[in-house]
Amino acid sequence: NGIFLVRTPVKEIENLHLKQESWIQKNIIPGLNKNLISKIKGDCLHIKGTFDVKTSDNFGFLLRNGKTNQGAEVSFNTKNNILNCLGNQVVVEPIGGKLQLEILLDRSSVEVFANGGKVVISSCFIPEKDAEDVILFTSGGELFIENLDIFSLKSIWETEEK
């Protein structure tokens, strides 16, 4: 497969990590599991995970989901290997049946890095005011989470003390 040019978040993003939540070896079944990550809230997040698509037809995240409007959707259709972020689509081939995703969510943008940055989508959006819910979903079959880490992020801007 030769040499690849990849795009990944800068390592310094880790300096902005605040609270971390982690899940390892979790099987998600549509209709049986509630939202595994329901306690996660935030407008700026760093999400890193490896997913075994198993029998899932489609899985993903709703980011900054609100009470009246659906948040920014990042999803992967396993039947045609299409990664979708806010209507932008790109083909991503799972490696050994697994998809690695890294997502940076900011107040008005979302960047998705798949399989170590071989495929990247960047999108802007205007979320509903105070929308901070995050939903992990699967449809059509099981999704296995090998690992999932979600970090809340602090601002890069220094706040002035008064």
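The residues on offer are 128, 102, and the sole one that is of a type in the set (D, E, K, R) and at pLDDT 95 or above is 102.
Beta carbons closer than 9 Å, at least 6 apart along the sequence or on distinct chains, never pair a first residue in segment 6-18 that is over 18 Å from residue 114 (Cα atoms) and at pLDDT 95 or above with a second that is part of a loop (DSSP other than H, G, I, E, B) and among the acidic types (Asp, Glu).
The numbered conditions (1) surrounded by fewer than 18 Cβ atoms within 10 Å (Cβ to Cβ); (2) under 22 Å from residue 38 (Cα atoms) are all true for residue 110 except (1).
Scanning segment 123-149 for residues that are more than 26 Å from residue 27 (Cα to Cα) and either out of contact with any Lys or Arg (no Cβ under 9 Å at 6 or more places or on another chain) or open to solvent by 60 Å² or more (accessible area, probe 1.4 Å) (or both) yields 123, 124, 126, 129, 130. Close contacts from segment 95-123, counting a first residue that is more than 17 Å from residue 146 (Cα to Cα) and a second that is assigned to a loop (DSSP other than H, G, I, E, B) and acidic (Asp, Glu), with Cβ to Cβ under 6 Å and a gap of 6+ residues or different chains, come to 107/43.
Would you be able to say whether some residue in segment 66-74 is under 22 Å from residue 127 (Cα atoms), part of a strand (DSSP E or B) and of a type outside the set (Val, Ile, Thr)? Scanning segment 66-74 turns up at least one residue that is under 22 Å from residue 127 (Cα atoms), part of a strand (DSSP E or B) and of a type outside the set (Val, Ile, Thr).
Can you tell me which residue in segment 43-86 is nearest to residue 115 (Cα to Cα), limited to those that are touching a residue at least 40 places away in the same chain (Cβ under 8 Å) and of a type in the set (Phe, Trp, Tyr)? My answer is 51. Scanning segment 93-123 for residues that are of a type in the set (A, V, I, L, M, F, W, C) and over 15 Å from the mean Cα position of the chain (by Cα) gives a single hit, 95.
Can you tell me which residue in segment 54-65 is modelled with the highest pLDDT, limited to those that are part of a loop (DSSP other than H, G, I, E, B) and open to solvent by 20 Å² or more (accessible area, probe 1.4 Å)?
57
Looking across segment 87-107, the residues that are over 18 Å from residue 42 (Cβ atoms), of a type outside the set (Val, Ile, Thr) and open to solvent by 10 Å² or more (accessible area, probe 1.4 Å) come down to 87, 88, 89, 93, 94, 96, 97, 98, 100.
For segment 22-39, name all the residues that are surrounded by fewer than 14 Cβ atoms within 10 Å (Cβ to Cβ), under 16 Å from the mean Cα position of the chain (by Cα) and assigned to a strand (DSSP E or B). Within segment 22-39, 22, 24 qualify.
The values are calculated or read from the model by the stated rules, or taken from the named source; none is laboratory data. All values derive from a computational prediction rather than experimental measurement. All Cβ positions, glycine included, derive from the backbone under ideal geometry; neighbour counts span all protein chains shown. Heavy atoms of the whole protein, side chains included, go into the accessibility calculation; ligands, DNA and RNA do not. Shrake-Rupley method; radii C 1.70, N 1.55, O 1.52, S 1.80 Å.
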